[in-house]
Amino acid sequence: MNKEQLWEKFAEVFTKLDLKKGIYAAPGRVNLIGEHTDYNDGFVLPMAIEKEITMLAQLRNDQQVKIYSLDYDKLVEFDLLDLSYDKTNIWVNYLKGVLTELQKVEQQLQGVNLMFTGNIPQGSGLSSSAALEVATALAITDLNNIELNGVEMALLAQRAENNFVGVQCGIMDQYISRLGQKDQALLIDCRSNEYELVPFANPDYQIVICNSKVERGLVDSEYNQRRQECNQAVKFFQAKENSSIQALRDLKLATVEQYKADLPANVYKRAHHVVSENERVLASKEALAQNEMLQFGKLMNASHLSLSRDYEVSCSELDILVEIAQKEGAAGARMTGAGFGGCTVNLVKKEAVAEFTAAIKKEYKKRTNLSADVYVSNPGPGARKL
Ligand code: GLA
């Protein structure tokens, strides 16, 4: 649907009002490299993808919020003074979480009518929920004249997810959805929350995303457990090495190796992944700046191995997808996002994309009996008012 058609639909669903309105968009993301580093104060290198949530919004005269999900064809209503968890419509909680956090910033929010639609596949690790949070935050702040800069808005959306939805995610997904830029990946320093642009408009190579179609099962419990193991490692190194160590970001790989025998095996492996992954992100930035795409591909492959063996967040289907991709000539392939299902990200020669796509679908089906989806995306723009 184009903009006019969306507004027509909006007018069908909601009573006509003469109040401030707007249309907003926020994209999903794919992380090129730097997995499970964001909550360790480390580095990540994601890009926004050309798939997004589009949200139409108009203020109301009262304290009611009415949200219409076009894709679910479902209307949900509640009062701004009663933001309780919705056990039936799970998606509503991303919006309620943002409203709750916004009410901490600005107590006098006005009621609102919202309608949204999107084309980011859900449950596939491409951050459709972060996009929904960011689109909501952008719409509500704009309509209520609340001033939040990009980083503040990303942090607010992250708090919505941490506090209301109950997932202890890091900052990456909301950050890139809010601040992504066309033709650029962002090197984000998750300690300072600053970023550097890393141009990614290569004439020869294409980012190809493969969806394993395995819905990320164990993700929440395992995710929180990995965070705990990382904290355990930090405490260990504080005691042994230096009390000023705040996060795994502050460690060198040599130090991790030095204590291998003293650390519980799982904690050693988690620390090894995070510390080596941070190095790979910084090396990737250099490789991309020098246009050394094969080198970048090698770093992606190494990242996958580390996530699979040391961080243990892959699954057999993701490993198979990566294996096929490498066999079919991808310069680099790795799982992307939290893991336990979802997508892989692949660096493929442009001229080979069609052949690569066909081979992935065929071989993956043969080995898993699942039908992979394949998306080609360039870095798209971050959240904006349309
Ligand atoms: C999820 C989280 C992010 C990040 C990744 C793993 O997408 O939301 O904050 O931790 O997993 O890199």
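The values are calculated or read from the model by the stated rules, or taken from the named source; none is laboratory data. Predicted, not measured: the structure shown is a model, and the values here were computed from it. Cβ coordinates were reconstructed from backbone atoms using ideal geometry, including for glycine residues, and neighbour counts include every protein chain displayed. We work out accessible area using only protein heavy atoms, side chains counted, and drop any ligands, DNA or RNA first. Shrake-Rupley method; radii C 1.70, N 1.55, O 1.52, S 1.80 Å.
Observations on the model:
- Summary of the geometry: region 28-99 and region 273-332, compared by the centres of their Cα atoms, lie 30 Å apart.
- Cα-based shape type of region 3-124, given that a ≥ b ≥ c are square roots of the gyration tensor eigenvalues and the cut on a/c is 1.5: prolate
- Scanning the chain for GluC sites (Glu not before Pro) lying in DSSP loops with no more than 15 further Cβ atoms inside 10 Å, the longest uninterrupted stretch between such sites is 1-105.
- Max mean-square fluctuation residue, GNM over the chain, Cα-Cα springs under 10 Å, options 281, 76, 65: 76
- Residues 284, 84 ordered from highest to lowest accessible area at a 1.4 Å probe: 84, 284.
- Angle in degrees between helix 265-289 and the longest Cα principal axis of the chain, rounded to the nearest 10: 80
- The residues packed around residue 266, meaning those with a beta-carbon under 15 Å from its beta-carbon, carry a net charge of +2 if Lys and Arg are +1 and Asp and Glu are -1.
- Proximal aspartates and glutamates to residue 366, defined as alpha-carbon separation beneath 13 angstrom and excluding residues fewer than eight positions away on the same chain: 317
- Too-long pairs where the Cα-Cα distance tops 28 Å, listed order kept, from 235/298; 361/385; 182/350; 87/213; 96/285; 66/104: 235/298; 361/385; 96/285
- In terms of accessible area, using a 1.4 Å probe and ignoring ligands and nucleic acids, 66, 260 rank largest first as 260, 66.
- Accessible surface computed residue by residue for region 150-254, with neighbouring protein chains in place and a 1.4 Å probe, gives 46 Å² per residue.
- Accessible surface of region 256-358, 1.4 Å probe, proportion on carbon and sulfur as whole %: 49
- Estimated FRET transfer efficiency (residue 152, residue 367; beta-carbon r; R0 30 Å; 0.05): 0.10
- Residue of 110, 206, 174 that the Gaussian network model of the chain assigns the largest fluctuation, springs spanning Cα pairs under 10 Å: 110
- Gyration tensor (alpha-carbon) shape descriptor, region 245-386, a/c threshold 1.5: prolate
- 15 Å cut-off, amide nitrogen to a point 7 angstrom out along residue 265 Cα→Cβ, residues in region 293-323: 309-312
- The residue 86 and residue 289 beta-carbon pair, evaluated with R₀ = 41 Å, returns a calculated FRET efficiency of approximately 0.35.
- Most fluctuating residue given options 253, 126, 138, as computed from a GNM of the chain linking Cα atoms under 10 Å: 253
- The helix-only estimate of mean residue ellipticity at 222 nm for the chain, built from DSSP H runs of length n ≥ 4 each weighted as -39500 (n - 2.57), is -13000 deg cm²/dmol after division by the residue total.
- Sites residue 239 and residue 167, calculated FRET efficiency, Cβ-Cβ separation with R0 25 Å, nearest 0.05: 0.25
- Under 12 Å, Cβ to Cβ, from residue 234 - net charge with Lys/Arg +1 and Asp/Glu -1: +1
- Apportionment of accessible area to carbon and sulfur, region 106-156, percent (1.4 Å): 38
- For residue 235, the accessible surface of its heavy atoms amounts to roughly 140 Å² (probe 1.4 Å, protein chains only, rounded to the nearest 10).
- To the nearest ten degrees, helix 92-105 and the longest principal axis of the Cα atoms of the chain are 80 degrees apart.
- With Cα atoms, 0 to 90° folded angle of helix 293-309 axis to the chain main axis: 90
- Restricting the chymotrypsin sites (Phe, Trp or Tyr not before Pro) of region 59-106 to loop positions (DSSP other than H, G, I, E, B) with no more than 13 neighbouring Cβ atoms within 10 Å leaves 72, 85.
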